[in-house]
Every structure is written in C-alpha cells, then in structure tokens.
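The values are calculated or read from the model by the stated rules, or taken from the named source; none is laboratory data. Remember, it's a predicted structure, so these values are computed and weren't measured experimentally. All Cβ positions, glycine included, derive from the backbone under ideal geometry; neighbour counts span all protein chains shown. What goes into the accessible areas is simple: the full protein's heavy atoms, side chains included, and nothing from ligands, DNA or RNA. Shrake-Rupley method; radii C 1.70, N 1.55, O 1.52, S 1.80 Å.
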Amino acid sequence: MKKILAKLNNTEIDKKINNKVFRDFIKFFETKFSLKINHELYLEFENVVNKVATYNKHLFIRQSDLFGMLLIEQNQIENFEEKFYEAIKDTMFKDVIMYQNLNSDIKDDYEIKYNNKTLSLKEKEHANQLVKWIKKQVEIFSNEKLIEDNPQLKNAITGDLAINFFKQQNEIFIRIYKWHSNVFEIMGK
C-alpha cells in the first residue's frame, strides 16, 4: 500500500475532474451504514480518489478510482473495508442484484405453486423464458472481455483491487444465475 501511495505523492490533482461518482458513493455509503464521515476523513478520501483518477488521466471519477479509499489508514469507521466492499457491490452491480432478487422472488412463488401442482401453463412458459434469459446472462458474465474491455476497471493504481473484486462478484452471480436456471428449467417442464 505504501508503494501505491508513494506513486500518488507527486500527483497534482486535476482540478477539472468530475467527482460526482465519489460524492454519490459517499452519500450512499453514509446512508447505507447510518453514519456520518467527518470532514477531515471525507477530504482524505476525496483527495486519494482524485489523485488516483488524475494519475489514470480520467476526466470523471470511475468506480475503480473509489478503491483508492482503501489506501487510507483510518480508525473512524469500524470494519471500513468490509463496508466499502458491500457498498461498492451494491452500486457497481445494482441492476444485477435487482434482477437476481426479482428472479428469487419469482422462483419462490413458482416453487410453492409447483409443489402444490398449481403452476399455470403461462407461468411454465414464463419460467422457460427466464431460463433462456438467465443462460444469456451467464454467457455475458462468463466472457473475459467483460473484464478486459471494461473501462470502469482500467486503473494503474487500484485496477488489481477492482478487477479481483469484479471477478469474485461475477463468480457469485454466475452461480446464483445457474441455480435459478436449473430451478426454472424444472418448473418449465
């Protein structure tokens, strides 16, 4: 970490950087965990994120720049790293989480009907459509280009942190998608 911070020491922040993503993330983080980051720590976080973005010649803060917050040693926020990863997951994969939650709700509803033998033909057709859609999602998430060509992950300072996190989350989402697909496939018969 110290080597990474040393790279940033001589980086003069580009004053034209749009840091709306940082500000929005901080608001989300504070709301999610019902806390208020004090002004000094906020400035430290903002400074390191802006430096990471400047170093990478980003005009706008990217999600991978936010990982720079993990470089700050602080003791104000208990379990900060764990909370950071939870919050970045919620923001980085907002749509995936929403769709997987919807699928889970439908799966639970259909499972009850399936076990009670009250699943309608229309619901079976819907289950089969979901299988096709989910398999397409698995294909998308399994494609290495999703990571290689993702501009959000291009980052000379925090890229490895962001890429490792992204890969880990992808694996989890793929497992969940495959589970949902298997269940819907059974119900669609």
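Values computed for the structure shown
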{"quantity": "Hits in segment 151-189 (condition: among the small types (Gly, Ala, Ser) and either over 27 Å from MET69 (Cβ atoms) or in contact with an Asp or Glu (Cβ under 6 Å, 6 or more places away or on another chain) (or both))", "calculated": "SER181, GLY188"}
{"quantity": "Residue pairs meeting the criteria (Cβ under 8 Å; at least 6 apart or on separate chains; first in contact (Cβ under 8 Å) with a residue 60 or more places away in the chain, in segment 41-52; second among the charged types (D, E, K, R))", "calculated": "VAL52/ASP65"}
{"quantity": "Segment 139-177, residues that are closer than 18 Å to THR91 by Cα, among the charged types (D, E, K, R) and part of a helix (DSSP H, G or I)", "calculated": "LYS167, GLU171"}
{"quantity": "Residue that is most open to solvent (accessible area, probe 1.4 Å) [pool: residues in segment 1-53 that are hydroxyl-bearing (Ser, Thr, Tyr) and not in a helix (DSSP H, G or I)]", "calculated": "SER34"}
{"quantity": "Only one of ILE157, ILE172 that is out of contact with any Leu (no Cβ under 6 Å at 6 or more places or on another chain), touching a residue at least 24 places away in the same chain (Cβ under 8 Å) and either within 25 Å of GLU86 (Cβ to Cβ) or open to solvent by less than 60 Å² (accessible area, probe 1.4 Å) (or both)", "calculated": "ILE157"}
{"quantity": "Unique residue being at pLDDT 95 or above and either surrounded by fewer than 17 Cβ atoms within 10 Å (Cβ to Cβ) or assigned to a loop (DSSP other than H, G, I, E, B) (or both) when the list is ASP65, ASP105", "calculated": "ASP105"}
{"quantity": "Criterion (over 14 Å from TYR177 (Cα atoms), modelled with pLDDT of 90 or more and in contact with a helix residue (DSSP H, G or I) (Cβ under 9 Å, 6 or more places away or on another chain)) met by exactly one of LYS113, LYS135", "calculated": "LYS113"}
{"quantity": "Only listed residue being free of Cβ contacts under 8 Å to residues at least 24 places away in the same chain, among the charged types (D, E, K, R) and assigned by the TED database to the domain that holds ASN170, chosen from LYS117, LYS89", "calculated": "LYS117"}
{"quantity": "Hits in segment 71-92 (condition: of a type in the set (A, V, I, L, M, F, W, C) and modelled with pLDDT under 95)", "calculated": "LEU71, ILE72, MET92"}
